[in-house]
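Right, one structure below, let's go through it.
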2 protein chains.
Amino acid sequence: MSIQSAFSHPHRPMTCQRCAIRSRSLCGSLSDDALGALSSISRHRHFAPGQIIVTEGEPAIFANVVTGIVVEKKSLSDGREQIVSMFFSGDFLGDARRVNSDSTAQAVSPVTLCAFDRNAFEQLMDVYPVLTQSVLDYAMARLENAREWMLLLGQKSAEERVATFLMRLAARQADAGCRHVAAQSIEPGMALDIPISRAQMAAYLGLTIETVSRRMTALRDSGLVAFKDARAVRLLNVDGLKAAAGDNDRL
Amino acid sequence: MSIQSAFSHPHRPMTCQRCAIRSRSLCGSLSDDALGALSSISRHRHFAPGQIIVTEGEPAIFANVVTGIVVEKKSLSDGREQIVSMFFSGDFLGDARRVNSDSTAQAVSPVTLCAFDRNAFEQLMDVYPVLTQSVLDYAMARLENAREWMLLLGQKSAEERVATFLMRLAARQADAGCRHVAAQSIEPGMALDIPISRAQMAAYLGLTIETVSRRMTALRDSGLVAFKDARAVRLLNVDGLKAAAGDNDRL
DNA sequence: CGTTGGCTTGAGTCAGATCAATAGACGTGG
DNA sequence: CCACGTCTATTGATCTGACTCAAGCCAACG
């Protein structure tokens, strides 16, 4: 799956210089110097679908997602689970400056991570301030996402939640590399691949599987979307979907 | 309300050196040098209860809360509102490295902020890496809080939400300066001051005013808490309340 | 006093949960 | 190839926790 460089070091499957996700990740803003340092403390790790990457309460991980989808979830003692974030290719996964992770990270699809040594990474943050800034940028972006989701979980109806989910997913799949353009490029008829199961959607949206399924059907019946199967959706009416998502503001 | 220094500069009501909240805030970890620089770009600002401090979409603010309570909220076009965080004395309020705020900040009580000039603050972050690290620490703490709240909003019942709110508030009021001790110091009989209205609790917990009121009554009737009035609560059974909050884990 | 704003309480409704059945996709082994 | 079990998704029937609508209480205040 991963793009191998002919010159790659055995434990570093590709040089960071020509990494497929570099421009979209943390590494995009680094100097060659800093990148080299980062490269030397990184190694690729693979995870099978469903495999746990870090458990809540265990030491935090620092890694870029190279390929695949990762979710982070928090759970209650009786088994109820809430997915708190989804990570796509290029996202930085890591609770910098926290000793232990506050949530469990799990691979949803086959995942390749570019993982960094924790201590070495923190030391590198001291040497290269730009790295700290990048990590801060990511943290702020995640915070903004978390807050948007709090609004969704606290105030939106089931149908608004499902519509919002589809729109966000579309924005994420449309931007593909440049997250600042986004939204505009969601054109009608766009095919959308839902990378998670209905159960995971439910855990992400604070609903049950049945309600997710029913609302998906309702969106189909009202002509906003069409689907080939449960995972392959086509957006028929983007404006309508945006309206169904509840907020008419920016993306 | 604020502790005035005899040596204070007209626009800087107290020297940062002897600021009442220094040890609990961002400033606690700074060198005298960095603190001096920060001091020179700060000034105190006052807000009346209900007054808006920043509006969603406007340029972000950088400030420490000196006294009072601030809430941040996000809203939908039809008026539904979700409070996404509460700031107490010593908390750092600011979306570093983001141009515009993603939420509206509002004073709940009379508030004094120690506000920093935005550009100067960002420049200072370049000069003093420790400042960036402190901001990152705050961002990670806020992210963890946001995630815990996502679990609450997505999975917990009304009664669990109210109980969790009371426990978190108690932890926050008990630690008073050192957030790492916390929780342990919540002793039975502890008096708790609820600094926000029922309507704000509802907006924070993703419930209606009526449900908040009913669940508060239910907690009283089951003997977990007692109250003098709507804002003055006494914790009678801390373990019971913890159980009612749904998660038996740390704090 | 009358008004106003915040809080509580009651009665009825409804959106989403729960319980239950079915269908399709996919493997596995006889 | 078909019978079988498993896993995921959909759909139906019913239930219930929280919302809605409405009334009443109390303290603050002009």
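Listed values, structure above:
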| read-out | value |
| --- | --- |
| Residue match in the stretch A:51-72 (condition: more than 30 Å from B:Leu152 (Cα to Cα) and acidic (Asp, Glu)) | no |
| A:Arg45, sole failed condition from (1) in contact with a Lys or Arg (Cβ under 8 Å, 6 or more places away or on another chain); (2) in a strand (DSSP E or B) | (1) |
| Any hit, the stretch B:210-217, residues being within 16 Å of DNA strand D (Cβ to nearest atom), open to solvent by less than 10 Å² (accessible area, probe 1.4 Å) and not polar (S, T, N, Q) | yes |
| Residues of the stretch A:57-115 that turn out to be free of Cβ contacts under 8 Å to residues at least 24 places away in the same chain and either away from chain B (no Cβ under 13 Å) or part of a strand (DSSP E or B) (or both), as a count | 1 |
| One residue from A:Ser75, A:Ser40, A:Ser31, A:Ser85 being at pLDDT 95 or above, open to solvent by 30 Å² or more (accessible area, probe 1.4 Å) and small (Gly, Ala, Ser) | A:Ser75 |
| Filter result (within 15 Å of DNA strand D (Cβ to nearest atom) and open to solvent by 20 Å² or more (accessible area, probe 1.4 Å)) within the stretch A:225-248 | A:Ala226, A:Phe227, A:Lys228, A:Asp229, A:Ala230, A:Arg231, A:Ala232, A:Arg234 |
| Subset of the stretch B:207-251 (residues that are within 14 Å of chain A (Cβ to nearest Cβ) and under 18 Å from B:Ile186 (Cβ atoms)) | B:Lys242, B:Ala243, B:Ala244, B:Ala245, B:Gly246, B:Asp247, B:Asn248, B:Asp249, B:Arg250, B:Leu251 |
| Filter pass, A:Gln123 being closer than 19 Å to A:Ser29 by Cα and within 14 Å of another protein chain (Cβ to nearest Cβ) | yes |
| Output for the stretch B:108-143, where each listed residue is β-branched (Val, Ile, Thr) and surrounded by 17 or more Cβ atoms within 10 Å (Cβ to Cβ) | B:Val108, B:Val111, B:Thr112, B:Thr132, B:Val135 |
| Some residue of the stretch A:43-57 being modelled with pLDDT of 85 or more, farther than 14 Å from A:Leu113 by Cβ and surrounded by 14 or more Cβ atoms within 10 Å (Cβ to Cβ) | yes |
| Test: residue in the stretch B:146-161 that is buried (at least 21 other Cβ atoms within 10 Å of the Cβ), over 21 Å from A:Ala141 (Cα atoms) and of a type in the set (Lys, Arg) | yes |
| Among residues of the stretch B:137-154, those that are within 14 Å of DNA strand D (Cβ to nearest atom) and either within 18 Å of B:Leu241 (Cβ to Cβ) or not in a helix (DSSP H, G or I) (or both), counted | 1 |
| Tally of residues being at the interface with chain B (Cβ under 10 Å from one of its Cβ atoms), under 28 Å from B:Val162 (Cα atoms) and acidic (Asp, Glu) across the stretch A:130-177 | 3 |
| Qualifying residue in the stretch B:190-206 (condition: open to solvent by 10 Å² or more (accessible area, probe 1.4 Å), of a type in the set (Asp, Glu), within 15 Å of DNA strand C (Cβ to nearest atom) and not assigned by TED's automatic domain parsing to the domain that holds B:Leu26) | yes |
| Only one of A:Ala174, A:Ala170 that is away from DNA strand D (no atom under 12 Å from the Cβ) and within 15 Å of A:Ala245 (Cα to Cα) | A:Ala170 |
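The values are calculated or read from the model by the stated rules, or taken from the named source; none is laboratory data. On a predicted model such as this, the values are computed, not experimentally measured, just so you know. Note that each Cβ is placed from the backbone with ideal geometry, even for glycine, and that neighbours are counted across all protein chains shown. Protein only, heavy atoms only, side chains kept; ligands, DNA and RNA dropped before computing areas. Shrake-Rupley method; radii C 1.70, N 1.55, O 1.52, S 1.80 Å.
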